[in-house]
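Student: Once you've had a glance at the structure underneath, I'll fire off some questions.
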Amino acid sequence: MMASSATVLSPMLLTGIQSIDLEHGELLGLLDKLVHDKPYSTPNSEYFSEITSKIGAIIHRHFENEEKIFTASPMPEDDKAAHIRAHDEILDQYAQLHLEQMSGKQLDRTHTIRMIQKWVLEHLTTHDLKIKAYVTKQ
């Protein structure tokens, strides 16, 4: 789908689950495009909205994929619940961002990019890498 914009992940960021690692690469590739391709685009621009829409679609697919994998694993129930809560929070933030973009609200580029980085990078390192300990390579 977005193979041309996918980023090759550092070994430190790999879960060992091919489908998850590929989705992480897609998300990081789109985040990189958002930051570097048009550095003066605003969250209200067509370019920025297009990239954030693609990020949203991948996040939805990614979270469904992850949840199928880790809910079937021996991961502790508290970790599973925390991971699902984190997904819900990100999806709520994404929906709010999308509504604000559609309504024409003036959004700060730096704040918006930091929020998206948190969705992708912080979530990956805080939650997704925990999956590695409970799931065999796929």
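Student: For helix 18-36, what angle does its Cα long axis make with the longest principal axis of the chain, in degrees from 0 to 90 and rounded to 10?
Tutor: 20 degrees
Student: Mind jotting down the three principal axis lengths of the range 17-131 based on Cα atoms? Whole angstrom, largest first.
Tutor: Projected onto the principal axes, the Cα atoms of the range 17-131 cover 45, 24, 19 Å.
Student: Excluding residues fewer than 8 places away in the same chain, name every one of the lysines whose C-alpha is closer than 21 Å to that of LYS33.
Tutor: Straight-line reach from LYS33, under 21 Å: LYS54, LYS118.
Student: I'd like the Karplus ³J(HN,Hα) series for the range 81-86: coefficients 6.51, -1.76, 1.60, θ = phi - 60°, whole numbers in Hz, and an x wherever there's a Gly or Pro.
Tutor: 5, 5, 5, 5, 4, 4
Student: Order the peptides 51-61, 83-93 from the highest to the lowest mean number of other Cβ atoms within 10 Å of their residues.
Tutor: Final packing ranking: 51-61, 83-93.
Student: Under 18 Å between alpha carbons, and skipping anything fewer than 8 positions from LYS132 in its own chain: which aspartates and glutamates qualify?
Tutor: ASP21, GLU23, GLU64, GLU66, GLU67, GLU77, ASP78, ASP79, GLU122
Student: Next question. Assuming 0.36 nm per residue, please report the length gained on full extension of the stretch ALA95 to THR126 beyond their Cα-Cα distance.
Tutor: Value of the extension gain: 9.0 nm.
Student: 5 Å is the cut-off here: which amide hydrogens, built 1.01 Å from N in the peptide plane, fall below it relative to MET75, excluding neighbours closer than 5 in sequence?
Tutor: none
Student: Please return the longest stretch of the chain lacking exposed loop sites, where chymotrypsin sites (Phe, Trp or Tyr not before Pro) count only if DSSP places them in a loop and at most 16 other Cβ atoms lie within 10 Å.
Tutor: That would be 41-133.
Student: For THR15, list long-range residues whose amide hydrogen, built 1.01 Å from N in the peptide plane, is under 5 Å from its own amide hydrogen.
Tutor: Under 5 Å from the amide H of THR15: ASP21.
The numbers here are math on the coordinates, done by the rules we state, and not lab data. Values in this document were obtained by computation on a predicted structure and should not be read as measured data. Reconstructed Cβ throughout: ideal geometry from the backbone, glycine too, with neighbour counts over all protein chains shown.
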